[in-house]
Amino acid sequence: MTILAPTLAMRGLVKTFGPTRALDGASLTVAPGTVHGLVGQNGAGKSTLIKILAGLVTPDAGDIEVGGTPLGPLSPRGAEELGIAFIHQDRLLVPTATVGEALFLGQERSGSRHGLWRGRLERRAAGLLERFFGIALPKGALIQDLTTAQQQIVQITRALLADPKIIVFDEPTASLSRREVDHLFEVIGQLKAHGLTSIYISHYLAEIERICDAVTVMRNGRDVAHVDPRTTGTAEITRLMVDRDVKDLFPRHNATAGAPVLSVSGLAAPPAFRDVSFTLHRGEVLGLTGLLGSGAKDLVRSLFGLSPARTGRIEVDGRPVRLGSPGAAVRRGIAMVPEDRRAQGVALALAVDENTTLASLPAFSRFGFIDRARERLRVSRLIDELKIKTSGPEAAVRTLSGGNQQKVVIAKWLARQSRIYVLDEPTVGVDVAAKAEIYRLIARLAEQGAAILLLSADLDELLGVSDRILVMYRGEIVSEHIPSETTGARLLAASVSGARAEGIAHVA
Amino acid sequence: MSLETLDSPRAAAPDLLRFGVPLALALVLVAFSLMAPGFLTLSNIVGVLVNNVALAAIVSIAMTLTVASGGTDLSVGTAVDLGSLAFVSAIIAGQPVWIAAVLGVLAGIGTGLFNALLIAGLSITPFLATLGTLFIGHSLQQLTTDGGNPVYVPTGSIPPALAFIGHGAVFGVPLALWLVAILAAAAWLLLARSRFGREVLAVGTEPQVALYSGLPVRSVLAFIYIASAAIASIAGILISANVNAYVPYSGNAYLLNSIGAAFIGTSLSRTRRANIPGTLLGVLLLGFVSNGLLLIGWNFYWQQVGSGLLIFLALLLAFTGRRDAA
């Protein structure tokens, strides 16, 4: 099935929301049958542009052409009729639906009332998944039983049923593991082979470099550059996005590692990890990485008392401790910035001040009652200190951007005066500028004497921020690296193959 | 940028809606006083407060605690009944009234402990756990009272203290209303001002975040369900003292109203949080509507239609308010 997709051209788009000019003459031209990258910081106008394409937002000015034919303002229905499909980062599937229901629900085009014939529905779904992606999902599985990547494949398949010509991927990999990303890219490659056009929006420039044929860079509501990712490096693209150099992205901290704060020896929680030993010092940023299933995630969880280790010894300040619950870990001065920020890090419905003092309520209470004045004062100071962009301490955290929500999580632990920070993928899903701010915060924490354990799959981030990097493979720490003496390729090799020999710096 | 940021918030609308329920209460009072001359008399109002509102208010305060913690307590009525049964049995057995009252509350605490064990210990959803307790409590009452017969305190031997609890007044205000005031003030302080209340709020809205902040999620939940049942059992003691008897399953009559009142109260809050003042307004509204309908001669069987419409109205307000607030 080769479809010749039409050329999409959006020109001179302007859109203002109240005092904010979201788009200021932005253009986007996408050649048929290509994968077109769209990059820019949050607020650069990508989302508004895409919402205009989806018919969700009507532009104040500008025009849209598909296949050379000018179109009026689009409606969601109209976008669908043109064959434009959208894959969003937030999964829009009903968690308790079966795969068949998720694929066909609300699609009247099939004509039959297959809703009543579940067996047939599931068989048809299995057939389609096999045909499009060559995968078989567990029989009778519900959406909530699937991995994020599998859910995404169901979502893409659902979009494909409508026979789209252009598919827009909006941050599709934000919650995928590296292996799942590889699979998604294969799928996008197949779509391209069938002649479909893809528009690919991502914060991860490495991904853009890997799969895009052309890239449009947006800044301040305009398209500021059109580049070929094969000739333009990610550093240059980053500079175009933020209009400043990438080396500013990773500020080095000036702290020197001090006394050991957290030492772990012979820690094991089979089958996730075993024989894990390391020491984390005052003023040190210790990187940790490993593929899915390497045990790095489980190690981090056990250090926060979420799934306690079976055997081994954990010492905080030289004293042996038992970390049987998050409460116990918090009392020992351990802070956790979890990967799933919106489910575990911040309470979206609660205010900034309520979130900030959540881990240190005793310090803000007198005789069991909250001292609101003291709370407000401390939180206002933290908002200033961390430059959290919010309308005030009483604004709901829901109203903050991802990067600012992450700063609230960090503020929560600063309010507690925690000394050991366990950061689990702290920059997932935040834009470049917010990333830079989070890195500056990490550096500042280290300079103030905190000890930081940073779990990340972003190797550039690890190399840019850490003092040492531990790589885990199949439940064990296989190597230790010094950023200045190693490369991303070496880290990757160690994560993939467990290569022990190279890059071992010194044994902690 | 999310879709939410695209709609400019209509700031005035939610505030208007927030005052909808107090406004509705005022309207109800005015309308009924025009239609039924006996409605706006002191004796009728005190009658409504003591007979319709006081007990419902105590049970609703208990319910508000569990709603604030993100659940519900379907067994509040069971705690009322078991409190009443223990209280009356102890009095018949010749115990002093204060010991009987302590035993009544202990029966409530026992019910709450059972819920706490299921919810905090075994992680069963509050809805199912307390539904189970409701069924078990029903059987327990049948088993201990020959299939559900009332237990009377013999008329000749009613202790004066019992009569005081049932019908007494302090400074001219009925004892039941004092109890409502004290319990409401305590629960309000707990939820809105105390450190524990903040923990309840976090556990109730985002249990995962509470856990990841090191809060003792399970103990918070356990305490809430024990407190809820203990408060409900106080209503049971009041009922028994009022009629000098234990009447089986009488507590369940308060269950639906208390859920209604707690959620009407939630819809009043700008941040959609369970709160004691809102719950009390909900109780007043439900109480006066059913009394007013009775006075203007509505058939008793139609009265629940009035309550139902009222709850729909509150939900509607809450729903439109939430969309506007987004």
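The values are calculated or read from the model by the stated rules, or taken from the named source; none is laboratory data. Not measured: the values here are computed from a predicted model. Backbone-built Cβ (ideal geometry, glycine too); neighbour counts: all protein chains shown. Heavy atoms of the whole protein, side chains included, go into the accessibility calculation; ligands, DNA and RNA do not. Shrake-Rupley method; radii C 1.70, N 1.55, O 1.52, S 1.80 Å.
Filtering the stretch A:136-156 to residues that are free of Cβ contacts under 8 Å to residues at least 24 places away in the same chain and closer than 26 Å to residue A:492 by Cβ leaves only A:150. Among the residues of the stretch A:51-60, just one is outside any loop (DSSP other than H, G, I, E, B) and open to solvent by 10 Å² or more (accessible area, probe 1.4 Å), namely A:51. Within the stretch B:85-104, residues that are closer than 11 Å to residue B:237 by Cα sit with their Cβ atoms under 6 Å from residues that are open to solvent by 60 Å² or more (accessible area, probe 1.4 Å), at 6+ positions apart or across chains, in these pairs: B:86/B:103.
Quick grid of which residues meet (1) more than 14 Å from chain A (Cβ to nearest Cβ); (2) out of contact with any Leu (no Cβ under 7 Å at 6 or more places or on another chain); (3) assigned to a helix (DSSP H, G or I):
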{"site": "B:267", "(1), (2), (3)": "yes, no, yes"}
{"site": "B:272", "(1), (2), (3)": "no, yes, no"}
{"site": "B:280", "(1), (2), (3)": "yes, yes, yes"}
{"site": "B:293", "(1), (2), (3)": "yes, yes, yes"}
{"site": "B:307", "(1), (2), (3)": "yes, no, yes"}
{"site": "B:310", "(1), (2), (3)": "yes, no, yes"}
{"site": "B:313", "(1), (2), (3)": "yes, yes, yes"}
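Yes/no matrix, rows are residues, columns are (1) touching a helix residue (DSSP H, G or I) at 6+ places or on another chain (Cβ under 7 Å); (2) without any contact (Cβ under 8 Å) to a residue 40 or more places away in the chain; (3) facing chain B (nearest Cβ under 8 Å):
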| residue | (1), (2), (3) |
| --- | --- |
| A:335 | yes, no, no |
| A:339 | no, no, no |
| A:344 | yes, yes, yes |
| A:348 | yes, no, yes |
| A:352 | yes, no, no |
| A:356 | yes, no, no |
| A:360 | yes, no, no |
| A:365 | yes, yes, yes |
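Restricted to the stretch A:388-472, the set of helices (runs of 4 or more DSSP H) holding at least 2 residues that are more than 14 Å from every other protein chain (Cβ to nearest Cβ) and on the phi < 0 side of the Ramachandran plot comprises A:432-447, A:459-465. Those helices (runs of 4 or more DSSP H) of the stretch A:256-356 in which at least 2 residues are under 30 Å from residue A:394 (Cβ atoms), considering only elements entirely within it, cover A:326-331, A:352-356. Take the residues in the stretch A:31-54 that are β-branched (Val, Ile, Thr) and within 11 Å of another protein chain (Cβ to nearest Cβ), then tell me which one is farthest from residue A:222 (Cα to Cα). The qualifying residue farthest from residue A:222 (Cα to Cα) is A:50. Applying the condition of being touching a Gly at 6+ places or on another chain (Cβ under 7 Å) and assigned to a helix (DSSP H, G or I) to the stretch B:213-226 and asking which residue is nearest to the other protein chains (Cβ to nearest Cβ) yields B:226.
So, in the stretch A:157-179, how many residues would count as being closer than 25 Å to residue A:341 by Cβ and either touching a residue at least 40 places away in the same chain (Cβ under 8 Å) or over 17 Å from the mean Cα position of the chain (by Cα) (or both)? Write out each step before concluding.
Applying the first criterion (closer than 25 Å to residue A:341 by Cβ) to the stretch A:157-179 yields A:168-179.
When the remaining residues are screened for being either touching a residue at least 40 places away in the same chain (Cβ under 8 Å) or over 17 Å from the mean Cα position of the chain (by Cα) (or both), the result is A:168-172, A:174-175, A:177-179.
Count: 10.
Collect the residues in the stretch A:406-433 that are more than 28 Å from residue A:256 (Cβ to Cβ), open to solvent by 10 Å² or more (accessible area, probe 1.4 Å) and under 14 Å from the mean Cα position of the chain (by Cα), keeping them in residue-number order. A:428, A:429, A:431, A:432, listed by residue number.
Here residue A:257 clears all of (1) within 14 Å of chain B (Cβ to nearest Cβ); (2) closer than 29 Å to residue A:488 by Cβ except the condition numbered (1).
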